[in-house]
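One structure is given here, and the rest of the page talks about it.
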Amino acid sequence: MERSRDRQWRPPRTCDNYLSEFRHCKSLRNRFHHYYVFGTPPVCHQWKEDYNNCRAWEKYSDTNAKEALQSSEKNRVAEQTNFSPVWELRKAPPSDWNVPLDENNKPYNS
């Protein structure tokens, strides 16, 4: 029973998606952008590892590859849910939003 359920499991993405993400990560444009924004080159080895695990699962039904792929996806989802915005979103506009501005773009003090 467990064996047949294992064979029915599908990765959340196709293997080609992992390869596409790896190629994008290694592209000159992305490397330049990532270095400009974060000051470090992007780390792309996980995409390649996920692609290899996906192919191993599809071709050989390798359970170790399946577990590694599931673990990687769980980590990726957990990383995305831990994201918090830089600033706190406001619930309403400021009370003086319609006050005219002076020459320095600051509200006049009434």
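Of note:
- Residue among VAL37, VAL43 that alone is of a type outside the set (D, E, K, R), surrounded by fewer than 12 Cβ atoms within 10 Å (Cβ to Cβ) and either within 20 Å of LEU19 (Cβ to Cβ) or in contact with a Cys (Cβ under 9 Å, 6 or more places away or on another chain) (or both): VAL43
- Whichever residue in region 86-96 is open to solvent by 80 Å² or more (accessible area, probe 1.4 Å) and of a type outside the set (S, T, N, Q) and, among such residues, is farthest from the chain's Cα centre (by Cα): PRO93
- Hits in region 33-79 (condition: in contact with a Lys or Arg (Cβ under 9 Å, 6 or more places away or on another chain) and of a type in the set (Ser, Thr, Tyr)): SER61
- Some residue of region 78-98 being more than 18 Å from LEU19 (Cβ to Cβ), in contact with a strand residue (DSSP E or B) (Cβ under 8 Å, 6 or more places away or on another chain) and not acidic (Asp, Glu): no
The values are calculated or read from the model by the stated rules, or taken from the named source; none is laboratory data. Please read all numbers here as calculations on a predicted model, not as lab measurements. Neighbour counts run over all protein chains shown; Cβ positions are idealised from the backbone, glycine included. Protein only, heavy atoms only, side chains kept; ligands, DNA and RNA dropped before computing areas. Shrake-Rupley method; radii C 1.70, N 1.55, O 1.52, S 1.80 Å.
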